[in-house]
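These notes concern the structure reproduced below.
The values are calculated or read from the model by the stated rules, or taken from the named source; none is laboratory data. Computed from a predicted structure; not experimentally measured. Glycine also receives a Cβ, built like all others from the backbone with ideal geometry; neighbour counts cover every protein chain displayed.
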Amino acid sequence: MNAISFINGDQHITDFPATSARPLASFVQLCNDLLAGPDGYLSPKDSFLVLELGWLTVGTADVADTVVHTWVTKLLISPPWGVVRYAANAAAEAISDIAELHRGLAPGVTPPIAAWDSAARAAHAVSKTLAGAELYAVRAAYQSTALVEIDDSDTLDAITGNALRAHRLANGDTGAARIVEVTRNAIRSWRRLAGLSVVSNTRYRSSVA
């Protein structure tokens, strides 16, 4: 993501370029970390892959709240990449209940705060009995309930961080290919919801050639 930040001309070179949605940048950064060799560097092939993923995050930073809530729904329960796959029984139910609250939000309509609070408490209670990927999947869900009242980057960072931790624990350090697949789904989902093309932009190829 540093390369994207540099190419974009950001004032400060960072893993979170100004025009990229922070959750998507976090997904790409995890791909970078998992694909890097023992020396911390990427092979030419993997460098190209990570840069391609990074470039797909460009232009995703400014979206409506409805996009974020719908994307969080998918982060939680999407069949191809949602963290609910790592949960069972009460944990899976708690995640699904919160996802449905995100799905049901309508612009300009006051959300049922009592229902959100109840779902958050239930998920938090369940989490005390969990470990590993299942624990972090539920944490991502109950932390996401804060978005109904506090729409800030720190909250979204916490949600994404827990989801990524769940994916990493479930797939292990050898699961880089699976994390890349999950990242593609996360980026494409965000772009579709925001009304953006999901086709890779090739501008960076000439920029770094």
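Observations on the structure shown:
Yes or no, residue by residue, for (1) exposed (fewer than 15 other Cβ atoms within 10 Å of the Cβ); (2) under 29 Å from residue 53 (Cβ atoms); (3) among the aromatic types (Phe, Trp, Tyr); (4) touching a residue at least 40 places away in the same chain (Cβ under 8 Å):
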site: 118; (1), (2), (3), (4): yes, no, no, no
site: 122; (1), (2), (3), (4): no, no, no, no
site: 126; (1), (2), (3), (4): no, no, no, no
site: 138; (1), (2), (3), (4): no, yes, no, yes
site: 164; (1), (2), (3), (4): no, yes, no, yes
site: 199; (1), (2), (3), (4): yes, yes, no, no
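- Qualifying residue in segment 152-170 (condition: outside any helix (DSSP H, G or I), under 22 Å from residue 118 (Cα atoms) and at pLDDT below 95): yes
- In the set 81, 71, only one residue is in a helix (DSSP H, G or I), among the aromatic types (Phe, Trp, Tyr) and not assigned by TED's automatic domain parsing to the domain that holds residue 30; that residue is 71.
- Checking the stated criteria, residue 185 turns out not to satisfy the condition of being touching a Lys or Arg at 6+ places or on another chain (Cβ under 7 Å) and crowded, with 16+ Cβ neighbours inside 10 Å.
- Some residue of segment 122-140 being assigned to a helix (DSSP H, G or I), within 15 Å of residue 68 (Cα to Cα) and not assigned by TED's automatic domain parsing to the domain that holds residue 23: yes
- Residue within segment 56-65 that is outside the structural domain of residue 144 (by TED's automatic domain parsing), crowded, with 16+ Cβ neighbours inside 10 Å, without any contact (Cβ under 8 Å) to a residue 12 or more places away in the chain and assigned to a loop (DSSP other than H, G, I, E, B) present: no
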